[in-house]
Amino acid sequence: MLTWSEQFATGSPLVDTQHRMLIEKINELEKMLAGSAPSKSACDDLLNFLGSYVVTHFKFEEQCMVRYQCPAHEQNKQAHAAFLGVFAKFKERYLAEGPKPELLRSLQTTASDWIKNHILSVDIKLKSCTTS
Ligand SMILES: [Fe+2]
């Protein structure tokens, strides 16, 4: 399980709140996978939520970086686009194969590793821009 901590702080309380929500949803997927085979409707709901929330969050965060003239803006935009590409490929497989545990497990570990590394290497660069 991933836990939000101060090292993830970006200087924007709203961005942080959105990161907490993303982490919570990724953890929810992990919990679902730890139990008995998750139902298709529960997976559909979670993946639809995650898919749309991530788009809303990326847009909001990118606007935030523009507003604060953060030098990481371009790098952030590219990383977001790459993640959306990975998610779209996963979604295609999910639609074709259904809620296979190994498929969901690979999304869960990919998303969990990605968000942790992305926040710590890119998003936190916003911090010095919001405080200067
Ligand atoms: Fe980001």
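The numbers here are math on the coordinates, done by the rules we state, and not lab data. Only a predicted model underlies this, so the values are computations on that prediction, with no experimental measurement involved. With ideal geometry, Cβ positions are generated from the backbone for all residues, glycine too; neighbour counts draw on all protein chains shown.
Once backbone amide H atoms are built at 1.01 Å from N, Lys100 has no partners under 5 Å, excluding neighbours fewer than 5 places away on the same chain. Coupling constants for the stretch 70-75 follow from the phi torsions by the Karplus curve (6.51 cos²θ - 1.76 cosθ + 1.60, θ = phi - 60°), and in residue order they are 6, x, 7, 3, 5, 4 Hz; glycine and proline get x.
What is the extension gain from Thr109 to Met1, computed as 0.36 nm multiplied by their sequence separation minus the C-alpha to C-alpha distance, in nm to one decimal? Please list the in-between numbers first.
On the way: separation 108, 0.36 × 108 = 38.88 nm, distance 0.99 nm.
Residue separation times 0.36 nm, minus the Cα-Cα distance, leaves 37.9 nm.
Amide H contacts of Thr10 (H built 1.01 Å from N, in plane; Pro and chain starts excluded): Asp16 sit under 5 Å, all sequence-distant by 5 or more or on other chains. For the chain, the Cβ-based charge dipole about the Cα centre amounts to some 120 debye (Lys, Arg positive; Asp, Glu negative; other atoms uncharged). Calculated FRET efficiency, Lys89 to Asp45, Cβ-Cβ distance, R0 = 22 Å: about 0.60 to the nearest 0.05. The convex hull defined by the C-alpha atoms of the chain has an orientation-averaged projected area of 7.4 nm². Rounded, prolate or oblate for the stretch 1-46? Axes are the square roots of the Cα gyration tensor eigenvalues, ordered a ≥ b ≥ c, and the cut-off for rounded is a/c under 1.5. It is oblate, given that a/c is not under 1.5 and a/b is not larger than b/c. Between 0 and 90 degrees, rounded to the nearest ten: what's the tilt of helix 13-34 against the longest Cα principal axis of the chain? Approximately 20 degrees, to the nearest 10. Taking the Cα atoms only, what angle lies between the long axis of helix 40-67 and the longest principal axis of the chain, rounded to 10 degrees? Around 10 degrees separate the two axes.
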